[in-house]
Amino acid sequence: MSNITIYEKYGGFDFFHNTIYQLYIELFDHIEISYHFFGVDLRKLSMLQAQFLCQAIGGPPMYKGGNIQIVHKHMKVTEYEFETVVDRFQEIFERNGLDKDEVKFIVTFIRSNRDMIVTSKNSWIDRIARYFYKRIFKFKKFIKQLS
């Protein structure tokens, strides 16, 4: 029985970089997540993310980015945003052929970094949505009273 790593099994860095790049392209369609990536070089971001992940799945030390806690601090990432991205990681790796245990390992690794990434209880989009939801609720209540 060989002790091949997840990193080696899928051909190394290029596979994970391309898969993570696909993830970020898909996240651009998510209104509550995409604003984090406006003006960001997604190729570079996916490269750094792949470097960070590849070390955890048996690849060589290669991460050349900053401290993830410092990098994410100004972003004010919410729990919802974090979990949405983790869910998308799971989906993209499953679609690209990783088996369930490998995906679980990766997702567990990503979640182990939660406290360094999640820095806010809500985002500006949450605050805007809440404003409109309150108005809609009041309007529905008013209409109901007229009935």
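The values are calculated or read from the model by the stated rules, or taken from the named source; none is laboratory data. All of these numbers come straight from a predicted model, not from anything done at the bench. Backbone-built Cβ (ideal geometry, glycine too); neighbour counts: all protein chains shown.
I'd like the residue in segment 88-134 that is polar (S, T, N, Q) and modelled with pLDDT under 95 and, out of all such residues, is surrounded by the most Cβ atoms within 10 Å (Cβ to Cβ). Once the filter is applied, the top-ranked residue is 123. Those residues that are part of a helix (DSSP H, G or I) and either over 24 Å from residue 26 (Cβ atoms) or of a type in the set (A, V, I, L, M, F, W, C) (or both), I need them from segment 59-86; list them, please. Listed by number, the residues that qualify are 68, 69, 70, 71, 73, 82, 85, 86. Taking the criterion of being under 28 Å from residue 5 (Cβ atoms) and surrounded by 18 or more Cβ atoms within 10 Å (Cβ to Cβ), the residues of segment 69-85 that qualify are 72, 82, 85.
Among residues of segment 57-68 being of a type in the set (Gly, Ala, Ser) and in contact with a Phe, Trp or Tyr (Cβ under 7 Å, 6 or more places away or on another chain), the one that is surrounded by the most Cβ atoms within 10 Å (Cβ to Cβ) is 59. On inspection, residue 57 passes the criterion of being of a type outside the set (S, T, N, Q) and under 20 Å from residue 105 (Cα atoms). Can we say residue 86 is closer than 17 Å to residue 109 by Cβ and β-branched (Val, Ile, Thr)? So residue 86 passes the test.
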